[in-house]
Amino acid sequence: MNKYARKIFGKGKKGRKSKDGPSAEGGDGYDDSGFVIAGLPKEGSHDEEYGEPMETSSESTVQGLNSIFKWLSLKDTDECRKQNQKTASKKALPKYNILLLGGSGAGKSTTINSFANYEKYPTIKDAVKNKFVELISSSFKLAHPETDEEFCIKSGHDANESDILGQSRTKDPMAYRFTFADKIIRLIDTPGMGDARGLKADKENFEKILEYLKNYETLHGIIIMMKSNETLNSTAFNYCITELFSRLHRSASENIFFCFTFSRNTFYRAGDGFYLLNQVLNEEFPDAKLELKSKVNCFFIDNEAYRYLVAKKAGYPFETDQMAEFAVAWNKSADQTRQMFSHIIKKSPHNLLHTFKLNMAQNFIAELAEPIVRLQKNIFSNMNTIERQKQSIESDSSTIDELKKTMHMTISDMKMVVLEAPNTVCASNKCREIVLVNGVKKVDLKKCCIACPVEDIPTRKKGNNLTIFIPKNNLFSKGSCY
């Protein structure tokens, strides 16, 4: 079916409107406000503009065909040309990918909601009068102004958001798209670092982020978010900053921006968090040469205005004069946001291939530790055997001919075997079997598959550990069973 027919029938499975976010097929979902919740791109998916044609009844099919003929008859009319120009203009909008990183509780998800509303509504009054944009669900608690009792505020439901205290609210990376200054901004929300479950959870979250970024070729901006009033140079804080910078390629430094939340406490200027971050960067990453400058790569916002919208919708009784305070927060934060996006779109995009290669090299070096330790252990074992034999010879009074007949020494050797094809074996204790080879006990690992090249197992599957042997270069890689 040509694009004109698809235009008449409307968007199909991939392009249908949905309040529930991305479609199951991996396309973009649309909410009532027209903002897009971008799901994972699907390989080989259909045209984004027109999608698949929907199933129709025979009567609607006839009406649709009549509409098609009418449309085709208008192809050369002014009306059709205007429609084509409008479609072409929509398709021509440049897209900018922006990654949001930061510690748990820094307010990444709330900030995305705020960004969308700043662009749609000039003032907070406009957002109150109309239906404000809510891309991600919100949940927080306030004390009732009269009774001082707990007032629970919850708006929307998002399966990707967790309400468990201490854990990162965002479970998996997810992209949200909206228009800014005739440009499409795609904000990628991510799980927060400093998860209460420990370093293992942080590492898993960062692997999720890297896996998700494989859907994109470039990043125009990397926004690192932290609280403006952060004062504690804790182990968790240092780990978050160190982990973020150690995983990004040096060339990404040109695209890094810092967004400080809760900035009302610092009067929307540099505060304790700014100077703490500057200290950490100078001490831990002097080679990065990242100079923090307000209104250049550092911006200060406060999301309390958006929280006000959510709380008011939930029926929280605000005092009349409080609206003016939230209006100030809205105006200042909106201005900072626009300045930040304006700086980002001027930057040359970061090629994500550089970051992927860096992380592949880091993983490869880490995975070499096991075979290197085994080789070293074997060397020390042989050295001890030789030393024992040497001492035995020195203390023995036998002749050389007698020693040749009685003295024997066994030296272990490790040999690299080049496989004809990649084999995947399970390294779990459950899959190991002890077998006798020439009277010597050896560990036999269960083969999961033969002649099967396996890539990126760690983030795709969960289960028992795997050791993958790749032919010719004998690389080692750990993953998970199917």
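What follows draws every value from the coordinates through simple rules; no lab data is involved. Everything numeric here is computed off the predicted structure, so don't read it as measured data. Backbone-built Cβ (ideal geometry, glycine too); neighbour counts: all protein chains shown.
If r is the Cβ-Cβ distance from Ser139 to Ala196 and R0 is 22 Å, what FRET efficiency results, to the nearest 0.05? Could you put the intermediate results ahead of the total?
Working: r = 17 Å, r/R0 = 0.76.
Efficiency for this residue pair is about 0.85.
May I ask you to derive the FRET efficiency for Asp401 and Leu368 from their Cβ-Cβ distance with R0 = 35 Å, giving the value to the nearest 0.05? Spell out each step's value before the answer.
On the way: r = 46 Å, r/R0 = 1.32.
Result of the calculation: an efficiency of 0.15.
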In whole percent, the Cα-Cα distances of region 95-363 spread across 5 Å bins from 0 upward as 1, 6, 13, 17, 20, 18, 13, 7, 4, 2, 0, 0
Over its alpha-carbon atoms, region 287-362 yields an Rg and a Dmax in Å of 19.0, 58
With the label point 7 Å along the Cα-to-beta-carbon line of Asp148 and a cut-off under 12 Å to each amide N, the hits in region 315-337 are none
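Ranked highest first by the average count of other Cβ atoms within 10 Å around their residues, in what order do 212-220, 278-286 fall?
Details: 212-220: 16.9, 278-286: 13.7.
In decreasing order of mean packing, 212-220, 278-286 become 212-220, 278-286.
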Cα-based Debye curve of region 92-222 sampled at q = 0.11, 0.14, 0.21 Å⁻¹ gives log₁₀ I(q)/I(0) of -0.47, -0.73, -1.30
The long-range amide H neighbours of Phe258, using H built 1.01 Å from N in the peptide plane and a cut-off of under 5 Å, are Ile224, Cys298, Phe299
Computed D for region 368-412, Stokes-Einstein, Kirkwood radius over alpha-carbon pairs, 10 °C, 1.306 mPa s, to the nearest µm² per second, is 131
Full extension between Lys131 and Lys313 adds, at 0.36 nm per residue less the Cα distance, a length in nm of 64.5 nm
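With the Cα gyration tensor of region 252-401 in hand, give its eigenvalues times 5 under a square root as the equivalent ellipsoid semi-axes, listed largest first in whole angstrom.
Details: eigenvalues 815, 79, 48 Å².
Computed over region 252-401, the values are 64, 20, 16 Å.
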